[in-house]
Amino acid sequence: MLSVLIISVINAVLGILVLIAVNATTWAILPLIVVAILFFGAYRGYSNLTHQRRALTDLNEFTQSVAQAVQSNRLIDIMTHRLRDMMNAEAATVWVPKDKRFPELLLTAYTDTEGLLDTTPVPKELLQAVMTSGEPMLVTAKTGAIEHRRLLKAHKVTDTMLVPLRSGGVTYGCLSVANRLGGGLSRFGFQELRYLETLAAHAGVAVENSRLVDRLRFDAYHDALTELPNRRRTMAVLEESISITVPGEIVAVMLFDVDGMREINDSIGHASGDRLIVEVGRRLKEAAPAAAHVGRIDGDEFAVVLRLPDAQAAVDLAGQIRAALQQPCVLGSLNVDIDSAVGIAIHPESGDNADALLQRADVATQTAKNVSSAIKVYNAGLESTSVRRLGLATDLRRAFDSAELHVHYQPKISLGKRELVGVECLARWRHPTHGEVPPDDFVPVAEHTGQLGRLTEFVLREGLRQLRDWEDQGFKLGAAVNLSPRTLIDSDFPNQVGDLLTEYGIEPPRLTLEITEDGMVGGGKTPETLRRLRELGVRLSVDDFGTGYSSLSYLRRLPAQEIKIDRSFVQGMATDEGDHAIVRAIVDLARHFRMKVVAEGVESEMTLSMLTEIGCDIAQGFYFSRPLPPDRFAAWMSAQGSPGSASHRSTRLRAV
């Protein structure tokens, strides 16, 4: 009211002055016209300056509000409403087409709506035209291309401005305003278009930054290969799930460990392995219930988290999902079978936090690999075994230096003459706390902790040293040592064997290295290490024959002089005709390929007689003797006589 009063007084004074001047003389009109022109120019300059200052203020406020909106995740909402008000328009629209993982974005702020709508008054053809050309566009009843003006009229839009959203030199979206307010004489012009371009430059950077933040947030919580939630995101979901207790429901964590990924990567390449992982993730997502969370935890491990009525429901669902995974997958020209082991942890029985549940699901998964169903629910007994093996890894390093490791010897008897012809060297560990640790426990520990090479060298050295001592006592024997397939990866191993043979003065043919079939063939090719060992002169034996590949093509290519029949066939041949037929067939095949045959697991006189009848060369087992420490084995040898004339009386052999 004060400003209006002042302006009214000034206008009244000016009007009276003009009337007085004109009343005095008509020539006063000329200076009054000059004064009016000067006054109009000054007012026009002041108005432009005020408009520019207001525009700069609005631009500054727009920039600040957009920057704050990026942090508050309300960028589109704040930006469109500000644009609508600043341009005095009925509607302001942001449109970004679909791009990879980002869906299409189309949101509009209307004057009569508080929120945003996923519609726009601007024809979609105009948005796409600006997106394609990357140039701004002004369309009114008298401005713009004829076809664009027709589109505008068809959509009942009076006028519109469209400008591209850019990131660097790339156009990724479009910003538009439509239907300027203020009556029929007020329309958008090129000055407003340039102003909108300036605003779009700031908005484009803000939108791209927002998308970058979304992308970084997505990458931080998702696996890059499968785009499934990663371990961090899965842990957060699991924590959130167990924080809410629902009567009659449990939270189940299913950990799927895909089998054979290493073989696929080594055989047909990591690119094929990646495609298989992507396919496994897709199948898991489709097979799991809609409410389940599916995430990739590690290279070949996937987790499924969901609520179920009980543990049995979790086992049933795990079986269904596993069956869905087992369909063959086409990788290039190959059909690859997919299988997995599943470990299940239940909240609250298995643990009360996400770390414990996931760790115990992993423990159950390792056990599931050794059961027929390949599905295992965690229980406390599994944890004790896992913790025990973890402790053994540290204790094994100490055992090499504290004389806790020993080598026991089991005799190998020639069936033709019933003579002692050699021994098998077997590692034994007497732990100060746990007592006798089975080889099935500490050999895998040695493999996984990088101590396998040291363990193999220890057994070889002890075995060859003992052969030298027995030879000095008049007993000239051979020795057999088991090798892990991992040992054959060491290209220096043949040199190590040669040095030990030279050190103890043992002829190479007296040393037999027993290797399983999968170690012999090495994925279809004979390892170079085996060829060098063969050239060195040591004997090679196929251990546990009959449980691996066991095909004629492999048998023909194996660089071995001996076959060792697995004990599962030998122990059953006296009562099972199938086992008897398998043993006979193996002996016949070995004779054809001029290989010696060793039968392990002989525990009865009947089995011994049957092996002798079908022509087996050598036998070993509890029927003759258990593995013995060196002093007891020396006593056993003395009781049998010299190696060339070992007693064939079964009562003496069985007594030991």
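Annotations
- Added length on full extension, which subtracts the Cα-Cα distance from 0.36 nm per residue, Ile244 to Thr433: 63.8 nm
- Solvent accessible area, Å² - Cys616, 1.4 Å probe, full protein context: 10
- Each Lys and Arg Cβ is given +1 and each Asp and Glu Cβ -1; about its Cα centre, segment 275-432 then shows a dipole of about 520 debye.
- Folded to 0 to 90 degrees: helix 75-86 orientation relative to the chain principal axis, Cα: 10
- Anisotropy class assigned to segment 82-190 is oblate, per the alpha carbon gyration tensor with a/c at or over the 1.5 cut-off and a/b no larger than b/c.
- Amide H partners (placed H, <5 Å) of Leu477, local residues excluded: none
- Summed residue charge, Cβ within 15 Å of Gly182's Cβ, Lys/Arg positive, Asp/Glu negative: -1
- Accessible carbon and sulfur surface of the chain relative to its total accessible area, %, 1.4 Å: 55
- Available extension along the chain between Glu577 and Glu227 is 120.6 nm, counting 0.36 nm per residue and deducting the alpha carbon span.
- Cα gyration tensor shape of segment 330-427, rounded if a/c is under 1.5, else prolate or oblate by comparing a/b with b/c: oblate
- Computed with a 1.4 Å probe on the full set of protein chains, the accessible area for Asp112 sits at about 130 Å².
- Heavy-atom accessible area ranking, 1.4 Å probe, most first, across Trp470, Trp27: Trp27, Trp470
- Distance between modelled label sites at Arg282 and Thr449, nm, 7 Å Cα→Cβ extension: 4.3
- Within-12-Å neighbourhood charge of Ser568 [Cβ basis; K, R +1; D, E -1]: -4
- Looking at the chain, the DSSP beta bridges with both ends there are about 70 percent antiparallel.
- Modelled label reach - Asp490, point 7 Å along Cα→Cβ, segment 449-468 residues with backbone N closer than 17 Å: 449-465
- Calculated P(r) over Cα pairs in 20 Å bins from 0, in percent (choose from [x] 17, 43, 26, 12, 2, 0; [y] 14, 28, 24, 14, 12, 5, 3, 1; [z] 16, 41, 32, 9, 2, 0), label: [y]
- Rounded tilt (10° steps) of 311-325 against the dominant C-alpha axis of the chain: 90
- Whole-number D in µm²/s for segment 395-485 (Stokes-Einstein; Kirkwood sum over Cα pairs; 37 °C, 0.692 mPa s): 230
- Counting only protein heavy atoms and a 1.4 Å probe, segment 288-377 has 43 square angstrom of accessible area per residue.
- Relative to the dominant Cα principal axis of the chain, helix 630-640 is inclined by about 30°.
- Rh by Kirkwood over Cα pairs, then Stokes-Einstein D for segment 421-469 at 1.306 mPa s and 10 °C, µm²/s: 132
- Calculated from backbone phi, Karplus (6.51, -1.76, 1.60) coupling profile of segment 141-146 in Hz, x at Gly/Pro: 5, 10, 10, x, 5, 4
- Scalar couplings 3J(HN,Hα) for segment 272-280, obtained by applying the Karplus form with A = 6.51, B = -1.76, C = 1.60 to θ = phi - 60°, are 5, x, 5, 5, 5, 4, 4, 5, 4 Hz; x denotes Gly and Pro.
- Label separation (Glu613 vs Ile20): 14.9 nm, computed from points 7 Å beyond Cα along the C-beta direction.
- Note on Ser638: accessible area is roughly 80 Å² with a 1.4 Å probe, heavy atoms of protein only.
- Candidate residues Lys596, Lys153, Lys417: accessible-area rank, largest first, probe 1.4 Å: Lys153, Lys417, Lys596
- J(HN,Hα) series, segment 493-509, from Karplus relation 6.51 cos²θ - 1.76 cosθ + 1.60, nearest Hz, glycine and proline x: 4, x, 5, 5, 4, x, 5, 5, 4, 5, 4, 9, x, 9, 5, x, x
The values are calculated or read from the model by the stated rules, or taken from the named source; none is laboratory data. Bear in mind the structure is a predicted one, so any value in this text is a computation, not a measurement. Reconstructed Cβ throughout: ideal geometry from the backbone, glycine too, with neighbour counts over all protein chains shown. These accessible areas exclude ligands, DNA and RNA; they are computed on the full protein's heavy atoms, side chains included. Shrake-Rupley method; radii C 1.70, N 1.55, O 1.52, S 1.80 Å.
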